[in-house]
1. Just one of (1) outside any helix (DSSP H, G or I); (2) more than 23 Å from Gly86 (Cβ to Cβ); (3) touching a residue at least 60 places away in the same chain (Cβ under 8 Å); (4) open to solvent by less than 50 Å² (accessible area, probe 1.4 Å) trips up Ala199, so point out which.
2. Scan the stretch 83-90 and give yes if some residue there is under 20 Å from Leu157 (Cβ atoms) and buried (at least 18 other Cβ atoms within 10 Å of the Cβ), otherwise no.
3. What about Asp101, is it more than 26 Å from Leu208 (Cβ to Cβ), exposed (fewer than 14 other Cβ atoms within 10 Å of the Cβ) and either of a type in the set (Asp, Glu) or at pLDDT below 95 (or both)?
4. I need the helices (runs of 4 or more DSSP H) fully contained in the stretch 53-132, keeping only those with at least 1 residues that are of a type in the set (Ser, Thr, Tyr) and closer than 23 Å to Leu144 by Cα.
5. List every residue pair whose Cβ atoms sit under 7 Å apart, with the two residues 6 or more apart in sequence or on different chains, where the first one lies in the stretch 163-175 and is at negative phi and the second, anywhere, is among the acidic types (Asp, Glu) and open to solvent by 50 Å² or more (accessible area, probe 1.4 Å).
6. Under 20 Å from the mean Cα position of the chain (by Cα) and either in a helix (DSSP H, G or I) or over 26 Å from His73 (Cα atoms) (or both) - does that describe any residue in the stretch 160-171?
7. Name the single residue, out of those in the stretch 161-190 being under 13 Å from Pro106 (Cβ atoms) and basic (Lys, Arg), that is least open to solvent (accessible area, probe 1.4 Å).
8. On the basis of being assigned to a helix (DSSP H, G or I) and either polar (S, T, N, Q) or touching a helix residue (DSSP H, G or I) at 6+ places or on another chain (Cβ under 9 Å) (or both), does Leu45 make the cut?
Amino acid sequence: MAASGNPVSGTSRSRGTAAGRSAPALKQARALRTRATVLEAAAALFARKGFKVVTMQEIAEEAGATKGAVYFHFPNKEALAAELVGNFYAAAPKTTSALADPDLKPLETVRRLTMETARRLRDDAVAQAAVRLQTERLVIDADLPLPFIDYIAVYTLLLERAKEAGELPADVSADSLARTIVASFFGVQHVSWILHDRADVVARVEELLDLILPPG
């Protein structure tokens, strides 16, 4: 009888140990989901209403979480704003990597990156919030990440490659053209936002690229 009981006892201990190990992992997964939900809720509210009037209580209600849960992940609205802005403006390198294709010409990658960003601004509240928060940085008591830097760096690299591939004249300044594209893009999306709530932003950005970049 004793011999038959040992395997059962061992199995029970094994299951208990496995359950003990999985509990922290499940707790961490729930925490990450809550954090992401809070960020999405804050983004939706910031995009609609702006930074100043939104409260942490509203963010909690939008997220379907307690106010304590929101404060557990973010000490204040400023922390939420900083993360949203940072995530958006750091997205250019990630998006470019996702679009990477050895058979794709550099200028086509420039076009795809720009159009993908335009679609995000049309459809994604996180992107919309980040851009709105950037325009409101003077009323946000936080060191928001500097905008545009990563986008300019990525475009400069792609345009240098385009010159090497003969897609651009040798005397074109890649960094000057990169700054022009980024400045023009964010200006176009801002006008589309104010006039049409970005309903036409994809078409307007396509027009911009047709004017700035060589055909083909």
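The values are calculated or read from the model by the stated rules, or taken from the named source; none is laboratory data. Values in this document were obtained by computation on a predicted structure and should not be read as measured data. In this analysis, Cβ positions are derived from the backbone assuming ideal geometry, glycine residues included, and neighbour counts consider all displayed protein chains. The accessibility values were calculated without ligands, DNA or RNA, using every heavy atom of the protein model including side chains. Shrake-Rupley method; radii C 1.70, N 1.55, O 1.52, S 1.80 Å.
1. Of the numbered conditions (1) outside any helix (DSSP H, G or I); (2) more than 23 Å from Gly86 (Cβ to Cβ); (3) touching a residue at least 60 places away in the same chain (Cβ under 8 Å); (4) open to solvent by less than 50 Å² (accessible area, probe 1.4 Å), the odd one out for Ala199 is (4).
2. Initial filter on the stretch 83-90 (under 20 Å from Leu157 (Cβ atoms)): 88-90.
From what is left, the residues that are buried (at least 18 other Cβ atoms within 10 Å of the Cβ) are 88-89.
The answer is yes; a qualifying residue exists.
3. Values: more than 26 Å from Leu208 (Cβ to Cβ): no; exposed (fewer than 14 other Cβ atoms within 10 Å of the Cβ): yes; either of a type in the set (Asp, Glu) or at pLDDT below 95 (or both): yes.
No: the conditions fail for Asp101.
4. Those helices (runs of 4 or more DSSP H) span 67-73, 77-89, 91-99, 106-123.
5. Note: pairs meeting the criteria are Ala174/Glu160.
6. Looking only at the stretch 160-171, we keep the residues that are under 20 Å from the mean Cα position of the chain (by Cα), and these are none.
For the stretch 160-171, residues under 20 Å from the mean Cα position of the chain (by Cα) and either in a helix (DSSP H, G or I) or over 26 Å from His73 (Cα atoms) (or both): absent.
7. Selected residue: Lys163.
8. Details: assigned to a helix (DSSP H, G or I): yes; either polar (S, T, N, Q) or touching a helix residue (DSSP H, G or I) at 6+ places or on another chain (Cβ under 9 Å) (or both): yes.
Judged against the criteria, Leu45 is a match.
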